[in-house]
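The values are calculated or read from the model by the stated rules, or taken from the named source; none is laboratory data. This structure is a prediction, so every number in the text was calculated from the model and none was measured. Here Cβ is always computed from backbone atoms with ideal geometry, including for glycine, and neighbour counts include all displayed protein chains.
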Amino acid sequence: MNNDEQRKYLAKFNEYFPIDDQENGVIKQIKEDIERIKEITNLEEKCHESNLALSIHCEKELHVDYIYTKGKLGKLGIVYEDTVEKYHELIRELRTLDIETIKELEKNKTKPKKQNKKSDKQSEKQEEPIRCSGLACYKEIKLGTRYYYHKTKNDGKKFCSDECYVDYYGEYCHGCMNKFLVEELYVPNANNPKYLLCFNCWKKEKQEQREWEESQKSYCELCGAELTGENVFSLYCASCWEKETEKVQKRKRKEESKKNKQFDREREREREREQTWTQFA
Ligand SMILES: [Zn+2]
Ligand SMILES: [Zn+2]
Ligand SMILES: [Zn+2]
């Protein structure tokens, strides 16, 4: 993983644990939730609220745990015990509260009906707020406003925005670390189906691949043809090698014949000298 990627994980992490005050994100949210739920007197409502908050925080915890591990944030000096672990402890507290509320509710159900009727009416009057199921969002979705939901999943999740929707159902692009819906992601390597890329990163990676391949190529210094096979590391292509050797050999032959001729001429002169000498003798 390079620094860029790690920085993206850190940025995501800081959405949950703000950089200037780590306790001001999910930690604050869950503490407020616990206090708020403790105050609720209607047991059914209390049970519903604690259940909802618990499922939201559990999902967030899974998510931050993933980011922390995947981004190797410990190496950046982020202390697990001060962040994820702390959050985990508070979730346990919320879970205990949830279980206690359920128990109490069960106990109450066995009590005479009169009392129950009254509390039923009470809860009917009170409208429960619908909250965005987004991983880093807890926004209330007011009645009558537009919200996003999955058309085929039927999971009852509602989202305040497209971003929250994509954040929830999407998968990470391994290039830019943003989330995208699965149908928007590419699998560049069939052997590694978990390695997903968004369109832009996929395009970039292909370009880099092409550039790398290009940089690995070498060309003949004489004719510019691409060098392949056993010639990859040589200067010339096979046919230029042939031509070059031919040239060298030709030159050699020429020099040799020149030498031979010179030699012949010298022999000739010597013979001539010998002849004149014998004539005088
Ligand atoms: Zn939202
Ligand atoms: Zn991307
Ligand atoms: Zn060549």
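A few points about this structure:
- Check on Cys198, free of Cβ contacts under 8 Å to residues at least 60 places away in the same chain and closer than 20 Å to Arg7 by Cα: yes
- Failed criterion for Lys252 (all others in (1) in a helix (DSSP H, G or I); (2) over 40 Å from the mean Cα position of the chain (by Cα); (3) surrounded by 14 or more Cβ atoms within 10 Å (Cβ to Cβ) hold): (3)
- Under the condition of being assigned to a loop (DSSP other than H, G, I, E, B), surrounded by fewer than 17 Cβ atoms within 10 Å (Cβ to Cβ) and either at negative phi or touching a residue at least 40 places away in the same chain (Cβ under 8 Å) (or both), the residues counted in the range 148-169 number 7.
- Taking the listed residues Glu226, Glu183, the one that is farther than 20 Å from Glu15 by Cβ and more than 16 Å from ligand 3 (Cβ to nearest atom) is Glu183, with no other qualifying.
- Only one of the numbered conditions (1) among the acidic types (Asp, Glu); (2) at pLDDT 90 or above; (3) surrounded by fewer than 20 Cβ atoms within 10 Å (Cβ to Cβ) is not met by Glu5, and that is (2).
- Among the numbered conditions (1) touching a helix residue (DSSP H, G or I) at 6+ places or on another chain (Cβ under 7 Å); (2) surrounded by fewer than 12 Cβ atoms within 10 Å (Cβ to Cβ); (3) under 28 Å from Ser133 (Cα atoms), the only one that Pro193 does not meet is (1).
- Residue in the range 211-242 that is nearest to the chain's Cα centre (by Cα), counting only those that are in a helix (DSSP H, G or I) and charged (D, E, K, R): Glu211
- Members of the range 122-144 that are assigned to a loop (DSSP other than H, G, I, E, B) and at pLDDT 85 or above: Cys132, Ser133, Gly134, Lys139, Lys142
- Looking across the range 1-22, the residues that are farther than 16 Å from Val84 by Cβ and either part of a helix (DSSP H, G or I) or touching a residue at least 40 places away in the same chain (Cβ under 8 Å) (or both) come down to Met1, Asn3, Asp4, Glu5, Gln6, Arg7, Lys8, Ala11.
- Pick from the range 186-218, criterion under 30 Å from Gly229 (Cβ atoms) and of a type in the set (D, E, K, R), ranking: nearest to ligand 3 (Cβ to nearest atom): Lys217
- Hits in the range 215-226 (condition: aliphatic (A, V, I, L, M) and at pLDDT below 90): none
- The selection criterion, being in contact with a Ser or Thr (Cβ under 7 Å, 6 or more places away or on another chain) and within 13 Å of ligand 3 (Cβ to nearest atom), does not hold for Leu235.
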